[in-house]
Amino acid sequence: MRRELAPEEIREIEPALRGSFVGGFLTESDSSGDIHKFTMGLARACARRGATLCFGAQVERLTAQPGGVRVTERGRDAVFDAVVVSAGIKSREFARQLGDRVNIYPVKGYSVTVNLDDAESQAAAPWISLLDDRSKIVASRFGANRFRIAGTAEFNGDNRDIRADRIRPLTEWCERHFPGISTENVTPWAGLRPMMPSMLPRVGAGRAPGVFYNTGHGHLGWTLSAATARIVAAQVAERHGDKRPVPAAIAA
């Protein structure tokens, strides 16, 4: 749940924030985290449980065939009982190869990580996660010495260029609302969000036996990933003979 805040409550909750505000909202259950740390920890946990992880693989083709799915990677073939396509913007092409239509389009988002290299910047940075709805900017503190600011949705195809005119508004937003932070050391980033026209992910089985999808989450990838992964895992287990109990949370 979220509750309305008066201007004085905004200043009390986040004293580092500067500006003149009519009001705001606070979602006390909201949280943020470091996706890189999460995924690396998840990979280590999977490896401990017997998973084989192949990093840097370049899958060229997926072919549905009797008894499974053939995966072609750098000219080498391997056949698996089932595959889960979770390949970002490449999911559209893989789905086409498998006889499905997954209408994903890349929507580029930008962010900057402001490195809080000095004590003054660390003291001037906020600790609460922020959403500036008018500017379409979100911001989160990552530990003592990093401040992440993200925004923008750009339709530019499969283009990974980092444009200065997209980065500049993010650093200017930081300087306007947190003037005590030094923006001398800023790391820019851009990524392609795999988004469907409905803004809903494609989750579940494809047309061919052994084909499943968990893709198209857009800008809510990490937010939705655990829930949709459990849904897909339950379907895979049901269709491929795994009789282990399915978590009650995905009974629907």
> Bin by bin, in steps of 10 Å, what percent of the Cα pairs in the stretch 98-252 do you find, going until the bin that has the longest distance?
Replying inline: 10, 30, 26, 19, 12, 3
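What is the diffusion coefficient of the stretch 59-117 in µm²/s, taking the Kirkwood radius over Cα pairs and the Stokes-Einstein relation at 20 °C with a viscosity of 1.002 mPa s?
Values: Rh = 13.5 Å.
Answer from the Stokes-Einstein relation: 158 µm²/s.
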> LEU131 accessible area, nearest 10 Å², 1.4 Å probe?
Replying inline: 120 Å²
> Distance from the Cα centre of the stretch 39-65 to that of the stretch 150-168, in angstrom?
Replying inline: 29 Å
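Please compute one quarter of the surface area of the Cα convex hull for the stretch 108-165 and express it in square nanometres.
4.9 nm²
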> Reported to two decimal places, what Rg/Rh ratio describes the stretch 143-182 when computed on Cα atoms with Rh from the Kirkwood expression?
Replying inline: 1.05
> Rg and Dmax of the stretch 1-82 over Cα atoms: what are they, in angstrom?
Replying inline: 24.2, 66
> What percent of all Cα-Cα pairs in the stretch 31-133 falls in each 10 Å bin, counting up from 0?
Replying inline: 11, 27, 29, 19, 11, 4, 0
> Residue-wise, which Karplus ³J(HN,Hα) couplings in Hz belong to the stretch 216-233, taking 6.51 cos²θ - 1.76 cosθ + 1.60, θ = phi - 60°, and x for glycine or proline?
Replying inline: x, 7, x, 7, 10, x, 6, 4, 9, 4, 5, 5, 5, 5, 5, 4, 5, 4
> Summing +1 for each Lys or Arg and -1 for each Asp or Glu, what net charge is found among the other residues whose Cβ lies under 14 Å from the Cβ of THR113?
Replying inline: +1
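For the chain, what is the number of Lys pairs with C-alpha distance below 27 angstrom, counting only pairs 8 or more positions apart or on separate chains? Provide the component values of the computation, followed by the final result.
Numbers: LYS37/LYS90; LYS37/LYS108; LYS37/LYS136; LYS90/LYS108; LYS90/LYS136; LYS108/LYS136.
The result is 6.
Express the C-alpha Rg of the stretch 132-211 as a ratio against the empirical globular expectation 2.2 N^0.38 Å, rounded to two decimals. Write down the numbers at each step before the final one.
Details: Rg = 17.2 Å, N = 80, 2.2 N^0.38 = 11.6 Å.
Computed over Cα atoms of the stretch 132-211, the ratio equals 1.48.
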>> Using Cα-Cα distances under 8 Å and only pairs 6 or more residues apart, what relative contact order does the chain have, in percent?
In response: 19 percent
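Working with all protein chains in place, sort LYS108, LYS37 by solvent-accessible area computed with a 1.4 Å probe, largest first.
Final ranking, largest accessible area leading: LYS37, LYS108.
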> In the neighborhood of LEU17, defined by Cβ-to-Cβ distances under 15 Å, what is the net charge if each Lys or Arg adds +1 and each Asp or Glu adds -1?
Replying inline: -2
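The values are calculated or read from the model by the stated rules, or taken from the named source; none is laboratory data. Note that the structure is predicted; figures quoted are calculated from it, not measured. Cβ coordinates were reconstructed from backbone atoms using ideal geometry, including for glycine residues, and neighbour counts include every protein chain displayed. Areas reflect the complete protein model, heavy atoms only, side chains present, ligands, DNA and RNA absent. Shrake-Rupley method; radii C 1.70, N 1.55, O 1.52, S 1.80 Å.
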